Amino acid sequence: MDWMCCFSSCKPRYARLAESIYPRSLNEGLVTANMQKLTFYAISHPEKLDRIGTVLVNQLAKDLARQRFTQVKISVDAMDQLLQSCHGSPSLNQFTENFLRMVQKLLETNLAPMEKLATDSFVNFANIQEETPSYHRQYDFFISKFSAMCHMSKPRETATQVRYQGLRGLRGVVWKSVTDDLHANIWEKQHMDKIVPSILINFYDDFDGEEQKEEPSLEEIASANVEQSPKQLADQCLRELMGKASFGSLRSVMEPVLKHCDLHQKWNNPPNFAIATFRAILYSIPTQISNFVIQVLINHLDTMSASEAEIRIGIATVLSSIVSIAGTSIGPLLLDIFNSLLKHLRASVEYQQSRACPSVDQERRYQETLINAMADFANALPDYQKVEIMMFTVGNIPKVADDDRAMKSSDSFLQHVLVKTLLKIATKYKTAYLATMFTDSFLNTLLDLALVSDPQVRYTTQQIFHTLFDRHDNLNVLEHLPFIGELGDLLTVEKCTRADQMFMRRHITHISSVLYRCVCLIEEDEHLQNNMDAVLCTMALMCIEVGYDETLIELFRLAFGLQSMALDNKEAFPCGLLKKAAIHNLVARYLNLSCQLLAIPSLCNHVQQVISNRTQKAHPLLHFNEKGLPKQTTLSDGAPSALEIDDDLALQFDKSDLSEALKASGKDVQHLSVPFKVPLGSPNTTGGAPNKSALSAAIFDLTDSFDVSRNSVKEASADDISLDLSIDWSPPGSRRTSRRNTIFNPEGSDLMIPTTVAMLRQMVNAPPDVNEEIRKDQDQSLKIVSMFRDDPDAAFSACVKKDLEDDQNGDLSSSIQRLIQRNMNSAQMSSCTHKTKPKNVFELKLPESFVF
């Protein structure tokens, strides 16, 4: 039997070296000296590396079958060392196949120690940068196995460790696949549907009743070599996965995220998990493609539009929470995103108004969340895009009809919701120039909204004006403006720009007229004082922000117009006692503020004297408390049933005194003498606020209601126009000097001719008097209509005769004679002024002094 001893010597050298690394005793470890020999041989003979790997894998399979785990660890250690030492070998790809077979056999044991050993080896393999690409390697088994490990829940003693190793394995698969262009299939749906949920499932603790342990910090992990928790590792895996994803592969990652949130009800309130997940995603991807994530969420909201309100609220909350991270990247899709959000808002409003809505409160919460999301969107945008968003929102507000009762209830409610949305967006914007913000269409829509029948919409519209007018943070003081004896440093006032002056010159008449109507529409209810304070705040902000002469004079006219309305006993707009007192207090507080800003002593003395007189002998409703606010006195306190200040001039503000004080300070008070006339509508017999129809009929009869910037009266069709009505109506007279009404007008004999340059400049810069131009046009139209109405035949004959007499081109012979005469005259002029043809420059004779 001695011949059998030669069989060992007949084995190949690589096999003998591979077998020599195993110790004779199972208690010993790897034979280091023999391992070095094996490594040297593998480097010297790279063609044998694949066979060495085959020998080690076969030995590992035998040891696993016999559960000799010490020998298994030696095989794994040897494979790891060979992989590290021979990573530049040309036959590394063949050895790698044996290495992956080894890892697969370890994972198939389903034993936690072997799975940990396999994961460690695979992570080491993933960190190796291969020089030779692999054309046939697949990781499908490893993705499935590591994903299954991430979902391990029993037994609890080892589940956390197994989950942790599964996450490490998936992380290694991503590292190895993404760095190799030949493995782009990692982003396929079948793989992402396993990887992404496996990562997300470890974002939160799945074990019911298990005590939460304090997670180690990153510093502790780095210094003391403490293992991370599965949650921390899952966060890192998700960030690395999103960071390595290209724009084209983002959708394949986002779809499993959304599906996971749907299946595990992660949208339910509070959606903390969804917020944390999407924040991690947005922080991991490039900023320029962050808008894609926003768009995916909005599209998912479209998909879930028929779901419960709780789910939609959660998605909208996530949108609101992450939009600030996206920053300005949403600019290219700005209007598309806002259009989608407004579409959802409109759909929610219509659904709430229907009978199919199970919970109105939930729908309102959803609407509030959408509004907050749009406001957060606007806050993340630059100022010029905020203006675009406000214009876009205004364009989606249902049209303000002539009769608000004709508007559907859903449109009325949508109007209310969109106005709140506009207010929310406006709070994120800081106005620089009024003309930039208040375009004609935007301003006209706001002014229309300030006159609708819904008091809440009117109040919110006033708040929008407050937010956009306030550029120096004075709103906190002016929101409920008290009667202040001394302003001091309470307000910040700066001189307005020329551009703002031009803007207010165009629109102040229209704005003041709308404010007058707003006061008329205020009802005597529990919100009376708040609505009055809102109008007062708008007036005060215009006085502070654009307080140049024309604006101040117009606001003074408005104040005295309101005082006249409160004193009016003809009941053109009947007011109750409480409303009259509120109007008087509004006028008093505004005049007190404006006079102190003007710093005219005589004017301040007059206002304070009137307030003092009212405190002594006027109705208790006209008194101010210690905070400077009107006293909240009811009619049941034994107070008189009337204010009783109509006949006592000492309790009224005198326009003549104010005019003299302003004139003494050098201001032009000519326009102040033009009063706000009371509307000529039918009185409301029910008391309180006038009804809508009466007010609509009367409100356009105001002298100051006409504004050149817009036509308040809606255009009618040609068949509905009454020629008599259009001709018989004429605007009121105006004595204001305009550029068209100058000394060159032959009929303007009553105009004052300017005698100084300053007067001429003032006359030239005065705005055109629109009322006067309209009056002239209507007088001419009335003259023509009357002429044809009385005797049409005679009028037509007279017109034809006059045209024939004036028109010299009517006779052909006279026209020919005139042309011949013109030709003869031109010939005579040419002969008289005939000039010789200029000589050539070379034929000119120069003086001798210029020739040499």
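Rule-based calculations on the coordinates, nothing more; no lab input. Values in this document were obtained by computation on a predicted structure and should not be read as measured data. Neighbour counts are summed over all protein chains in view; Cβ atoms, including those assigned to glycine, are modelled from backbone coordinates with ideal geometry.
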Projected onto the charge dipole of the stretch 12-129 (+1 at Lys/Arg Cβ, -1 at Asp/Glu Cβ, origin at the Cα centre), which of M102, Q129, L38 gives the Cα projection farthest towards the positive end?
L38
Using unit Cβ charges (K, R positive; D, E negative) and no other charged atoms, how large, in debye to the nearest 20, is the dipole of the stretch 12-129 about its Cα centre?
380 debye
Once you charge only the Cβ atoms, +1 for Lys and Arg and -1 for Asp and Glu, what is the size of the charge dipole of the stretch 516-558 about its Cα centre, to the nearest 20 debye?
160 debye
For D549, D376, ascending order of other Cβ atoms within 10 Å (fewest first) is D549, D376
Can you compute the FRET efficiency between R506 and E157 using 1/(1 + (r/R0)^6), with r the Cβ-Cβ distance and R0 = 60 Å? Round to the nearest 0.05.
0.15
Can you compute the charge dipole magnitude of the stretch 351-463 about its Cα centre, using +1 on each Lys and Arg Cβ and -1 on each Asp and Glu Cβ, nothing else charged? Give it in debye, rounded to the nearest 20.
260 debye
Footprinting exposure proxy for E108, E97 (fewest neighbouring C-beta atoms within 10 Å first):
E108, E97
Taking only the Cα atoms of the stretch 424-479, how large is their convex hull per residue, in Å³?
82 Å³
Label model pair K259, D361: point-to-point distance (7 angstrom along the Cα→beta-carbon line) in nm is 3.6 nm
My understanding is that a pair violates if its Cα-Cα distance is over 29 Å; which of K231/K259; K11/K116; K154/K231; K62/K145; K259/K424 do that in this structure?
K11/K116; K259/K424
Any idea which of L562, C537, L475 is furthest toward the positive side of the dipole for the stretch 473-578, if Lys and Arg beta-carbons carry +1 and Asp and Glu beta-carbons -1?
L562
In nm, give the distance between the simple-model label positions of K801 and R498, each being 7 Å from the Cα along the Cα-to-Cβ direction.
5.7 nm
Put in order of increasing Cβ neighbours within 10 Å, starting from the fewest, F141, F278, F483 give F141, F483, F278
Label-point separation in nm, I816 to N530, each point 7 Å along Cα→Cβ
8.7 nm
